[in-house]
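What follows is one structure encoded as structure tokens, with my remarks underneath.
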Amino acid sequence: MTKKIINQVQEFLTYCGEDRIYQIVNVEVLLKRHPPEAVIGFLILLREDYKKELRCLLSENKTDPRINELVAKNFRIRMAINTIRNASREGVIAA
């Protein structure tokens with residue numbers, strides 16, 4: 001992966017909270033140590049965990065503010081997965 005692609009993926013996995021910047025995952029380290037397919041697999045598992053937690057919250061209390069955070073995390077992880085897949089499909093190789 002090129003640095004540009006890694007930065008795009010990291011932007012999806014980073015968001016600003018009320019008082020700090022929150023990084024869901026430091027994908028740069030993962031992509032340097034593991035192939036993109038392994039990173040995608042990890043992100044899919046993480047997303048499944050968040051989905052499970054979301055289902056639990058929805059069954060307990062549909063007004064819980066943590067629901068918003070989980071929906072945002074799921075969306076951001078999905079976009080990061082898509083970015084990695086598209087880069088791999090297009091044959092983008094590290095510079």
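None of the figures in this text is laboratory data; all of them are computed from the coordinates on show. For clarity, every value in this text was computed on a predicted model and none was experimentally measured. Counting neighbours? That spans all protein chains shown, and the Cβs are built from the backbone with ideal geometry, glycine included.
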Could you figure out which of (1) within 21 Å of residue 4 (Cβ to Cβ); (2) of a type in the set (D, E, K, R); (3) over 15 Å from the mean Cα position of the chain (by Cα) isn't true of residue 18?
-> (1)
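If you go through the stretch 70-92 one residue at a time, do you hit one that is more than 23 Å from residue 1 (Cα to Cα), assigned to a helix (DSSP H, G or I) and in contact (Cβ under 8 Å) with a residue 40 or more places away in the chain? Before you say what the answer is, go through the steps one by one.
If we filter the stretch 70-92 for residues that are more than 23 Å from residue 1 (Cα to Cα), which is where we start, we get 70-72.
Filter again for assigned to a helix (DSSP H, G or I), leaving 70-72.
Cutting the leftovers down to in contact (Cβ under 8 Å) with a residue 40 or more places away in the chain gives us 72.
Yes: the stretch 70-92 contains one or more residues that are more than 23 Å from residue 1 (Cα to Cα), assigned to a helix (DSSP H, G or I) and in contact (Cβ under 8 Å) with a residue 40 or more places away in the chain.
Report whether or not residue 15 is crowded, with 16+ Cβ neighbours inside 10 Å, in contact with a helix residue (DSSP H, G or I) (Cβ under 8 Å, 6 or more places away or on another chain) and farther than 15 Å from residue 82 by Cβ.
Working: crowded, with 16+ Cβ neighbours inside 10 Å: no; in contact with a helix residue (DSSP H, G or I) (Cβ under 8 Å, 6 or more places away or on another chain): yes; farther than 15 Å from residue 82 by Cβ: yes.
Considered against the rule, which asks whether it is crowded, with 16+ Cβ neighbours inside 10 Å, in contact with a helix residue (DSSP H, G or I) (Cβ under 8 Å, 6 or more places away or on another chain) and farther than 15 Å from residue 82 by Cβ, residue 15 comes out as no.
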